[in-house]
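Colleague: Attaching a single structure in structure tokens format; questions to follow.
The values are calculated or read from the model by the stated rules, or taken from the named source; none is laboratory data. Nothing here was measured: the structure is a model prediction, and the numbers come from that model. Cβ placement follows ideal geometry from the backbone for every residue including glycine, while neighbour counts extend to all protein chains displayed.
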Amino acid sequence: MVSRVIPVEPFDLVVFGGTGDLARRKILPALFRRFRAGQIGPDARIIGAARSELEDAEYRDFAAEAITEAGYDAGCDDDASEMLSRFLSMVAYVTLDARGDTGWDDLETLIGGPHPEATAERRVRAFYFSVGPGLFGDLAERLHDHGLSDAESRIVVEKPFGRDLASARELNLVLARHFDETQIYRIDHYLGKETVQNLMAVRFGNMLFEPLWNSQYVDHIQITVAEDVGVGGRGGYYDRSGAMRDMMQNHLMQLLCLIAMEPPAKFDPDAVRDEKLKVIRALDPVTPGDVVRGQYTGSDGRPGYREEVGDPESTTESFVALKARISNWRWAGTPFYMRTGKRLRERASEIAVVFKDTPHSIFGVEGGDHRNILTIKLQPNEGIELGVTIKEPGPGGMRLVDVPLDMTFAEALGPDSADFPDAYERLIMDVIRGNQTLFMRGDEVEAAWAWTDPVIEDWQTGGEPPLGYETGSAGPDDALMLMHRDGRRWRDIKA
Ligand code: BG6
């Protein structure tokens, strides 16, 4: 039961950084899947742009390999290879220098130069900045100089959107010189995940939860994004970022916003983003005692973080756990515990809403302690589970037991649901459709940095190294203590 595909209008999509890792792993495979699903028609054009000198045919080979690597061509299936060659016929390449003049005239010619005023021929033009933020300004400037920044143009920018508030502000200013906020699509791929959107559907499409969604009924909320992989080949980038910048400031912060925000009046971009922004602005500063950072150590022949990044002195955190407090009427008194890290026990991400105890147990001691927990599982097995307390079957006393009301999407919605679009598929289609709801607005990004900056500054001035944690563990012991001392405990990290 996967929803009907509504084709998008013809478009031109230029991928700057077209030979890069993101284009290969995500963007090109995502476009192919949408083409194969019938959402992208044969009139679309996909243009890779990068510094390497390649012919169109060579870039098509690169695209074909990327799609095959992603497993989206389904090998020897005739239909798939026919689809692949039709898709590749829409792909072209321009050798281009973001900082120089090389290639810009070619690009202009390829996509037809500035749109003539008042014509029915205007196609959507999307420019995907799949490059480091240092090039955003140059690209925006050149698009403008070549008359390509008109009302039909959209730019897509990847994280990291800056490395602190000052640099994010600077980037926002640079882009705003030539593009209106309505044309800027800042990607946080977590917002494109199926279950993340389902979080909004569950909250605002049901009467059941919203009346209980506040500090009167919710004891606390846990957000865990655990990865079992290490930094791998991305050590250079990661070592300059760390878990706080790489994950907490964006992905976990977005999850926090969606779980905590007030119901927007409409499901439209600014209504949703206004509410998210209010959450970030209502966050209390994190006190130093409420944050724990860690770095994985090697074990069982697997390298530790420092070995992986090749710096025996590195003090970059590969794990962070913290307690956040939202000072508003809905959430005052309900803490939000958030943690994320690499080389943890398993790849498992979830949000758990832990409800309070019943005010009085009529079952006495025999009944035991039970709590309702609503778990939104983001990955790997997407679904929603509600833990409810029932009587343990059988004769004898009134013993209670917790059982899950489990709605794993793959089971509840049928086998096709395993074929949900990848986050990038959905987000790129939203760019073409001009729907910014699942993209971050400039003020949101700045507010998120304003909250994380002091924590990072504190680490830098404090000089304390991160705490070691074993590969395959749940992070440093202090992270467990963060909850224990409040009389609470983290849920197990398990898929
Ligand atoms: C990226 C981070 O944004 O998200 C990576 O830069 C991280 O470090 C990745 O591994 C996790 O994404 P996902 O979709 O695999 O949970």
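Colleague: Hey, can you tell me all the residues within the range 313-369 that are under 18 Å from H251 (Cβ atoms) and assigned to a loop (DSSP other than H, G, I, E, B)?
Modeller: Of everything in the range 313-369, those that are under 18 Å from H251 (Cβ atoms) and assigned to a loop (DSSP other than H, G, I, E, B) turn out to be T316, E317, S318, K342, R343, E346, R347.
Colleague: Continuing with the same structure: State which residue is farthest from A37 (Cα to Cα) when the search covers only the range 427-465 and only residues that are within 16 Å of the ligand (Cβ to nearest atom) and not in a helix (DSSP H, G or I).
Modeller: The qualifying residue farthest from A37 (Cα to Cα) is M440.
Colleague: Can you tell me which residue is farthest from G341 (Cα to Cα) among those in the range 283-312 that are assigned to a loop (DSSP other than H, G, I, E, B) and touching a Gly at 6+ places or on another chain (Cβ under 7 Å)?
Modeller: For the range 283-312, the residue satisfying everything is G310.
Colleague: Given the criteria among the aliphatic types (A, V, I, L, M) and touching a helix residue (DSSP H, G or I) at 6+ places or on another chain (Cβ under 6 Å), does L427 qualify?
Modeller: So L427 fits the description; yes.
Colleague: Considering only helices (runs of 4 or more DSSP H) fully contained in the range 97-178, which possess at least 2 residues that are modelled with pLDDT of 90 or more, touching a Lys or Arg at 6+ places or on another chain (Cβ under 7 Å) and not β-branched (V, I, T)?
Modeller: Output list reads 136-145.
Colleague: Here's another thing I want to ask about it. Identify, by number, the condition in (1) buried (at least 18 other Cβ atoms within 10 Å of the Cβ); (2) at pLDDT 95 or above; (3) among the β-branched types (V, I, T) that V196 doesn't meet.
Modeller: Result: V196 passes all but (2).
Colleague: If you don't mind, there's one more thing I want to ask. Would it be correct to say that L13 is buried (at least 17 other Cβ atoms within 10 Å of the Cβ) and either of a type in the set (G, A, S) or part of a strand (DSSP E or B) (or both)?
Modeller: Answer is yes for this residue.
Colleague: For the range 259-267, does any single residue satisfy the condition of being crowded, with 18+ Cβ neighbours inside 10 Å, farther than 28 Å from P454 by Cα and away from the ligand (no atom under 16 Å from the Cβ)?
Modeller: Checked the range 259-267: at least one residue is crowded, with 18+ Cβ neighbours inside 10 Å, farther than 28 Å from P454 by Cα and away from the ligand (no atom under 16 Å from the Cβ).
Colleague: Then there is this: Regarding A243, is this residue within 11 Å of the ligand (Cβ to nearest atom) and among the aliphatic types (A, V, I, L, M)?
Modeller: So A243 passes the test.
Colleague: Here are the criteria: (1) modelled with pLDDT under 95; (2) in a helix (DSSP H, G or I). Tell me which single one Y424 does not satisfy.
Modeller: (1)
Colleague: Assess whether I40 counts as being modelled with pLDDT of 95 or more, of a type in the set (V, I, T), outside any strand (DSSP E or B) and in contact with a helix residue (DSSP H, G or I) (Cβ under 7 Å, 6 or more places away or on another chain).
Modeller: Answer is yes for this residue.
Colleague: Here is a list of conditions, (1) modelled with pLDDT of 95 or more; (2) surrounded by 14 or more Cβ atoms within 10 Å (Cβ to Cβ), and S89 meets all of them except one; can you say which number that is?
Modeller: All conditions are met except number (2).
Colleague: Picking from G205, G232, which residue would you name as being within 16 Å of the ligand (Cβ to nearest atom) and over 23 Å from G333 (Cα atoms)?
Modeller: Result: G232 is the single residue among G205, G232 that is within 16 Å of the ligand (Cβ to nearest atom) and over 23 Å from G333 (Cα atoms).
Colleague: Please give the number of the condition R4 fails out of (1) outside any strand (DSSP E or B); (2) at pLDDT 95 or above.
Modeller: Every listed condition holds for R4 apart from (2).
Colleague: Looking at P359, P380, P404, P393, which is the one that is surrounded by fewer than 16 Cβ atoms within 10 Å (Cβ to Cβ) and either within 16 Å of the ligand (Cβ to nearest atom) or among the polar types (S, T, N, Q) (or both)?
Modeller: Just one listed residue meets the conditions, P380.
Here is a yes/no grid of residues against (1) away from the ligand (no atom under 16 Å from the Cβ); (2) of a type in the set (D, E):
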residue: A176; (1), (2): yes, no
residue: F179; (1), (2): yes, no
residue: I184; (1), (2): yes, no
residue: D188; (1), (2): no, yes
residue: V196; (1), (2): no, no
residue: L199; (1), (2): no, no
